[in-house]
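**Student:** Sharing a structure below in C-alpha cells format, with a few things to ask.
The values are calculated or read from the model by the stated rules, or taken from the named source; none is laboratory data. Just so it is clear, the model here is predicted, and its values are computed rather than measured. All Cβ positions, glycine included, derive from the backbone under ideal geometry; neighbour counts span all protein chains shown.
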Amino acid sequence: MTESISPPRLSALIGAALLAAGRPVTARELADTLDIPEGTAQRELEAFAITLAAANLGFVTEAVAGGWRLIVPPALAARLSPLLAPPPLPALSSAALEVLAVIAYRQPVTRAEIEAMRGGSAGTVVTLQERELVKVVGRSDAVGGPLLYGTTARFLLDFGLGGLEDLPALQDGGFSHLLRG
C-alpha cells in the first residue's frame, strides 16, 4: 500500500467510485483501485451503504451482480419517472422469458438444446442478445460446434440478482424439466 487513507477520505472515494463507474463495482476492483486490502474494501462498502441509507439523501447502494452500485430507491423512482431515461423496453414475451429461463438455469446451452427443452423455436435468442441479457459463451464439442449461450451481467442487473446462485429454485411443474440432465 502506498499511503494510508483517512476514514472520511475513504468514504468519499467509495462514493465517488460508485457514482463514476455507473455500474456495479466489486470489492476487489475497489481494493485494487485504492490500494487497500479486499477485506477492508468490503467492510468499507458495507459501512458506506449503512451511512448513505441513514443520511436519507434520495439514493442508496445496492449489492447486485457481484458488486455495489448507487440507485434511486423504488419508492422515489416512480415520482421521478419523467427525469429517468431511457424509457423502459417493452416487456419480454412469454416465449422470450421461457428461452431466458432455459439459458439461465442450464447454461451453457445450445440453441438445439433450448428448442428441445421448450418443444419449440428458440428464435427469441436474438432478441435476448440485442437486449444484452444473453451472449455466446463458446462452442460445444458436438458435431458442427454449435454456439453455447449463457446469461450476462446485464441479466443479473435487470433481474436484481447478485449471481446465478440467487436464481429462485424451480418448482415442480413449471421449468422443473430443465434440471434433468
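**Student:** If you check Leu57 against the conditions, is it more than 20 Å from the chain's Cα centre (by Cα), more than 30 Å from Ala78 (Cβ to Cβ) and aliphatic (A, V, I, L, M)?
**Tutor:** no
**Student:** For segment 59-77, give me each residue that is exposed (fewer than 12 other Cβ atoms within 10 Å of the Cβ) and either at pLDDT 90 or above or within 19 Å of Thr26 (Cβ to Cβ) (or both).
**Tutor:** none
**Student:** I need a count of the residues in segment 42-63 that are touching a helix residue (DSSP H, G or I) at 6+ places or on another chain (Cβ under 8 Å), free of Cβ contacts under 8 Å to residues at least 24 places away in the same chain and not in a loop (DSSP other than H, G, I, E, B).
**Tutor:** Of the residues in that region, 2 qualify.
**Student:** Please enumerate the residues belonging to segment 1-38 that are assigned to a helix (DSSP H, G or I) and over 22 Å from the mean Cα position of the chain (by Cα). Quick ask: steps written out before the conclusion?
**Tutor:** Initially, segment 1-38 is screened for residues assigned to a helix (DSSP H, G or I), giving 7-21, 27-34, 38.
Once the filter is applied, which keeps residues that are assigned to a helix (DSSP H, G or I) and over 22 Å from the mean Cα position of the chain (by Cα), segment 1-38 yields Pro7, Pro8, Arg9, Leu10, Ser11, Ala12, Leu13, Leu34.
**Student:** Please list, ordered by first then second residue, the pairs with beta carbon atoms under 6 Å, 6 or more apart or interchain, first in segment 131-160 and not assigned by TED's automatic domain parsing to the domain that holds Ile71 and surrounded by fewer than 16 Cβ atoms within 10 Å (Cβ to Cβ), second modelled with pLDDT of 95 or more and among the small types (Gly, Ala, Ser).
**Tutor:** As it stands, the answer is Val137/Gly150, since those pairs meet every condition given.
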